[in-house]
Amino acid sequence: MNAHSHHEESFFRKYIWSTDHKIIGLQYGLTALLFLSVGFFLMMVMRWQLAYPETPIPFVGSFFGEDGILLPEIYNSLGAMHGTIMIFLGVVPLAVGAFGNYLVPLQIGAPDMAFPKLNATSYWSYFIGGVIMMGSFFSEEGAARSGWTSYPPLADIEVGQTIWLIGMVFLITSSLLGSINIITTIVQLRAPGLTWSRLPFFVWTQLVTSFLLVLAFPPLEAAAVLQLMDRVASTSFFLPSGLVISGEALAVSGGGSPLLWQHLFWFLAHPEVYVLILPAMGIVSEVLANNTRKPLWGYNSLVYSVIFLGFMSFVVWAHHMFLTGMGTAMSSFFQITTMIISIPSVIILSALLISLWGASIRFNTPMLFALAFLPMFGIGGLTGLPLGMAASDIYLHDTYYVIGHFHYVVAPGTIFALFAGIYYWYPKITGRRMNEGLGQLHFWPSLLFMNGVFMPMFIQGLAGVSRRLWDGGLEYAHAAGVLQWNEFMSISAWLLGISQIPFIINIFYSLKRGEKVDRNPWEATTLEWAAPSPPLPHINFETLPEVHREAYEYSVPGRNRDFTPQTEPKKG
Amino acid sequence: MEIPYTVDERPDTGIYNAKLGIWLFLASEVMLFGGLFSAYVFLRLGAPVGAFHEWGQELNVPLATLNTLILISSSMTMVMSWVSLKMNDFKKFKLYMALTLLCALCFLVIKYLEYSAKIHHHIYPSTNTFYAIYFTLTGLHGLHIIGGMVVLFYLWVPGSNMWNTKPEQFTNRIEIVGLYWHFVDLVWIFLFPILYLL
């Protein structure tokens with residue numbers, strides 16, 4: 001240790017403009033958890049309107065309309081902002097910003113990220129983007145209400161969109177800077193001996209995710225700039241000629257194309273789906289390997305699959321656009337690529353499933369969440385196949401089936417994995433284990449109610465109920481047979497909200513009262529467990545770790561312990 | 001424990017951190033302008049046949065040609081400033097940096113003249129889709145020039161003290177900003193034909 005690390009830092013340098021990847025990771029994590037609750041809250045309000053249309057919302061109704069009844073335009077705002085907040089302010093910052101920042105340098109044995117100041121900049125850019133998005137609720141026009149996909153022409157003319165676009169520019173900038181940093185860190189700062197084939201799978205997923213962010217986000221930034229021009233400088237990038245609104249011809253030059261937006265948007269937003277899921281797969285792999293006390297099954301297959309997945313995710317975007325009339329040749333192409341991309345996903349899921357074979361599994365809270373991830377993500381992934389095929393998608397497009405599908409991927413999928421990660425690495429961050437009883441009290445109801453919320457969506461979707469209806473389908477005859485599920489889903493959603501209370505209590509309770517642990521409480525092999533808990537400020541390790549073996553040497557026959565850390569030298 | 005490879009190359013990757021960082025940043029920039037260029041193609045194909053060419057006739061080709069030459073020259077002076085540092089000639093570095101900044105300034109002045117001529121003739125981004133993409137692309141490129149100038153100016157005067165303390169790292173910084181500067185130049189090399197000539 002050098003003398004440099006001993007001098008006292010001011011509060012501002014230590015907690016606000018900190019350049020320590022661990023503090024920045026925690027900043028990301030806490031902010032993202034806060035935004036996740038906000039996004040969840042918006043949805044709970046919407047679910048009241050869906051369960052009991054046009055009745056006053058209890059407790060918070062006065063914020064959302066006169067007499068406490070949710071107005072249709074506010075409902076649209078809540079829908080658009082729920083998606084925006086959950087994806088861009090919640091899950092991605094938590095999965096990449098928080099977990100990536102905190103764990104990647106530790107798992108590769110580096111003292112910090114490659115560019116610490118850039119790291120702080122990327123957090124604060126995210127923060128400003130978040131403030132702008134939140135502020136839009138209180139602006140004169142209100143928050144964006146054109147869906148998180150912001151399809152023009154609607155998004156070009158509807159109020160609230162300008163602030164959304166400006167907020168997005170900050171969020172995109174933040175993601176770009178963050179992912180450049182993660183890639184550089186992984187390529188350049190791996191500890192001596194940590195070759196590519198010895199990298200923990202989590203680091204691989206972060207690497208691929210960061211590449212997706214670097215290459216996919218700029219086209220959305222381009223699209224955002226064009227839409228901003230449409231709104232601010234009255235250009236017609238996305239406005240076709242002869243557009244009539246409320247009986248009046250729109251006074252623009254026309255000649256633009258609404259489809260252009262969809263192409264640019266989905267060129268980002270499809271890789272974005274993998275940005276949401278890959279880090280989750282990484283976290284689940286770490287937790288599985290540790291709690292099955294076995295090496296991951298098929299490490300090489302996992303790595304090649306995740307790289308192939310990343311590559312393929314750039315050539316599937318137009319499967320979101322089968323209904324736009326882009327032609328059968330295009331549809332066939334994107335249908336085929338979509339079927340191809342499901343193969344590596346299935347390989348990854350299968351490899352993780354086979355990893356359980358013959359293991360004496362430790363059923364602790366992180367493992368329960370990781371185990372639940374497997375079937376939940378399985379349901380999400382398999383229900384996606386009919387959407388990837390043009391013929392069945394024509395029927396299912398824009399119904400609740402789609403909502404059910406991607407929420408199974410992201411909510412009981414990714415978010416369960418993130419919970420697993422929080423329970424698993426909490427001892428590393430704080431030096432104390434989270435309470436096991438409260439953890440179980442969090443897990444079981446969450447699993448139950450998650451399915452209560454999302455399973456009926458498939459039923460409603462197959463009946464043809466559209467996804468953006470303010471009254472939940474009340475006015476449609478074809479929806480009449482499945483409307484009773486609305487109340488069921490809403491009550492499940494509120495109970496799901498209540499089920500998160502043990503988690504929140506656990507975070508604070510265990511900070512003071514949790515069982516004290518040393519540096520390797522789970523008897524794990526990867527490098528982060530070689531650092532003290534919590535790792536030293538700015539330098540992480542007392543001495544630079546050296547790596548001598550592969551990432552998951554669990555239960556190797558003939559050894560006296562069932563795990564061999566990567567730092568342990570080979571004999572002879 | 002310092003962060004390794006901030007100045008020296010990592011033996012197995014053959015590169016120092018910031019250089020990988022700037023290349024990744026430029027990759028994202030390629031995707032940004034790539035998105036905008038494909039928007040240009042999309043709009044051009046959607047417009048009536050020949051309309052883009054016809055609308056583009058209002059543009060001032062000689063001025064844009066001059067601007068192209070100026071920008072290429074600035075790229076050359078940029079390289080020369082880096083080479084000067086490599087050859088330990090700090091005075092020449094200062095001179096070439098000044099020339100680079102001067103070129104950038106000339107470029108912006110000419111761009112300003114072009115813009116004001118358009119506005120004088122009542123041509124705005126809202127006039128038609130050609131001018132929409134023209135103003136967006138050149139405007140965004142102009143912002144990149146301005147951003148580059150801020151960094152160049154910093155390295156030219158206030159930041160150049162680093163030469164006395166960490167000459168190697170300072171030389172690296174010039175290389176990095178040079179890579180960015182060449183990229184901005186390259187974008188213009190694409191913009192010039194598709195907007196002015198086609």
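Derivation of every value follows stated rules applied to the coordinates shown; laboratory data play no part. Quantities reported herein were computed from a predicted structural model and do not represent experimental measurements. Cβ sites come from the backbone with ideal geometry, for glycine too, and all protein chains shown count toward neighbours.
Below are the figures for this structure:
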{"read-out": "Mean ellipticity per residue at 222 nm, deg cm²/dmol - from DSSP H runs of n ≥ 4 across chain A, formula -39500 (n - 2.57)", "value": "-19000 deg cm²/dmol"}
{"read-out": "Square roots of 5 times each gyration tensor eigenvalue, C-alpha, segment A:99-251, largest first, Å", "value": "40, 16, 11"}
{"read-out": "Helix-only CD estimate at 222 nm, as mean residue ellipticity for chain B, using -39500 (n - 2.57) per DSSP H run (n ≥ 4)", "value": "-26500 deg cm²/dmol"}
{"read-out": "Under the span-like rule (Cα at least 24 Å along the axis, Kyte-Doolittle mean at least -0.5), DSSP H helices of chain A", "value": "A:21-51, A:116-135, A:161-188, A:201-232, A:258-292, A:328-354, A:365-382, A:436-462"}
{"read-out": "³J(HN,Hα) computed for each position of segment B:108-124 - Karplus, 6.51 cos²θ - 1.76 cosθ + 1.60, integer Hz, glycine/proline x", "value": "5, 4, 5, 4, 5, 4, 4, 4, 5, 4, 4, 5, 4, 8, 6, 10, 10"}
{"read-out": "Virtual spin-label span in nm between A:Phe12 and A:Asn300, 7 Å along Cα→Cβ", "value": "5.5 nm"}
{"read-out": "Cβ-based exposure ranking for B:Lys111, A:Lys571, A:Lys22, A:Lys14, in which fewest neighbours within 10 Å come first", "value": "A:Lys571, A:Lys14, B:Lys111, A:Lys22"}
{"read-out": "On Cα atoms only, tilt of B:17-46 relative to the major axis of chain B in degrees", "value": "0 degrees"}
{"read-out": "Principal-axis tilt of helix B:61-86 within chain B, Cα atoms, nearest 10 degrees", "value": "10 degrees"}
{"read-out": "Dimensionless Rg over Rh [segment B:17-197; C-alpha; Kirkwood]", "value": "1.04"}
{"read-out": "Cα-only Debye scattering, segment A:212-316: base-10 log of I(q)/I(0) at q = 0.10, 0.12 Å⁻¹", "value": "-0.48, -0.59"}
{"read-out": "Distance (nanometres) between label positions extended 7 Å along Cα→Cβ at B:Ile110 and A:Lys571", "value": "7.4 nm"}
{"read-out": "GluC sites (Glu not before Pro) within segment A:415-491, DSSP loop, no more than 12 other Cβ atoms inside 10 Å", "value": "A:Glu475"}
{"read-out": "Translational diffusion coefficient (Stokes-Einstein; Kirkwood radius from C-alpha pairs) of segment A:71-142 at 37 °C, 0.692 mPa s, in µm²/s", "value": "232 µm²/s"}
{"read-out": "Rounded Å value of the spacing that divides the Cα centres of segment A:302-324 and segment A:341-406", "value": "16 Å"}
{"read-out": "Distance between segment B:61-78 and segment B:1-52 - C-alpha centres, whole angstrom", "value": "22 Å"}
{"read-out": "Chain A, dipole about Cα centre (Lys/Arg Cβ +1, Asp/Glu Cβ -1), debye to the nearest 20", "value": "1960 debye"}
{"read-out": "C-alpha center-to-center spacing [segment A:486-509, segment A:1-70] in angstrom", "value": "16 Å"}
{"read-out": "Shape call, segment A:1-78: gyration tensor on alpha carbons, a/c limit 1.5", "value": "prolate"}
{"read-out": "DSSP-loop GluC sites (Glu not before Pro) across segment A:16-123, with at most 15 other Cβ within 10 angstrom", "value": "A:Glu54"}
{"read-out": "Long-range Cα-Cα pairs in chain A (distance over 40 Å), rounded percent", "value": "24 percent"}
